[in-house]
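The values are calculated or read from the model by the stated rules, or taken from the named source; none is laboratory data. These numbers come from a predicted model, not from an experiment. Neighbour counts run over all protein chains shown; Cβ positions are idealised from the backbone, glycine included.
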Amino acid sequence: MFGRIAHRYDLTNRILSGGIDVYWRFRLVEAVRRVQPTNVLDLATGSGDVALALARALPAGRKIVGMDFCAPMLAQADVKQAGRKSLASQVVFQQGDALDLPLGDGTFDVVTMAFGFRNMADRARCLKEIRRVLRPGGTALVLEFSQPWAWVRPFYYFHMRHLAPLLAGPLTGDRSAYEYLCTSIKAFPGRDAVSEEFRAAGFDPVSATTMTMGIVALHRAQRQADLS
């Protein structure tokens, strides 16, 4: 599905969100910058927005790996990177499955994910893999849709159920992908339940910050050192 819409993915996101998705990603990047990591893994990197933004925000010499299993999305990321040659040495895009990462244990200071966690076939396994590739003391930062404030929900879900597919269909040629978007967001648990999933995977402390009337949450979780 993501392969089918890759060519218009960024444009459609900007239109459907009114551009506020740029701000959401900015908040994620700023949270990473405050950690001051030496390297970052950006999972479900898609067209590479977060990975390239991290390369711009972090000091020179930091290494960012953008990973996704969808080859057409990674092709879009490569096109963006080619237009930003100054960032080429800092970002590597690589194909890989977030449920079975082709990476060593304890490799990264930070793992990020923007709007990909909701789409994982096995979220518990994904969190286990994130924890495995983080160094002890490392941080996971996951930006994802959440359940908006109660009074907002009728308007929000009307937009997602009816207007979003109507707008996205002509842009991408795939209305069904954006019908899935609404279904997946509505079925996804709220921030407190997602925080419990992080704790169950062995992260502590865990916190979540909401944005835009609860529509989005930025989840932060730390890998503690394993007990001997």
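Things to note:
Yes/no matrix, rows are residues, columns are (1) surrounded by fewer than 16 Cβ atoms within 10 Å (Cβ to Cβ); (2) within 19 Å of LEU41 (Cα to Cα); (3) within 18 Å of the chain's Cα centre (by Cα):
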{"residue": "ARG131", "(1), (2), (3)": "no, yes, yes"}
{"residue": "TRP149", "(1), (2), (3)": "yes, no, no"}
{"residue": "PHE158", "(1), (2), (3)": "yes, no, no"}
{"residue": "GLY214", "(1), (2), (3)": "no, no, yes"}
{"residue": "LEU218", "(1), (2), (3)": "no, yes, yes"}
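- Condition check for LEU127: buried (at least 22 other Cβ atoms within 10 Å of the Cβ), in contact with a strand residue (DSSP E or B) (Cβ under 6 Å, 6 or more places away or on another chain) and closer than 30 Å to GLY190 by Cβ: no
- Note on region 101-129: among residues that are among the aromatic types (Phe, Trp, Tyr) and farther than 20 Å from VAL35 by Cα, the one that is farthest from the chain's Cα centre (by Cα) is PHE117.
- Residues that are small (Gly, Ala, Ser), modelled with pLDDT of 85 or more and assigned to a helix (DSSP H, G or I) within region 1-37 comprise SER17, ALA31, listed in sequence order.
- Residue in region 71-85 that is touching a Leu at 6+ places or on another chain (Cβ under 9 Å), part of a helix (DSSP H, G or I) and surrounded by fewer than 17 Cβ atoms within 10 Å (Cβ to Cβ) present: no
- Residues located in region 141-151, provided they are closer than 13 Å to ILE185 by Cβ and not acidic (Asp, Glu): PHE145, SER146, GLN147, PRO148
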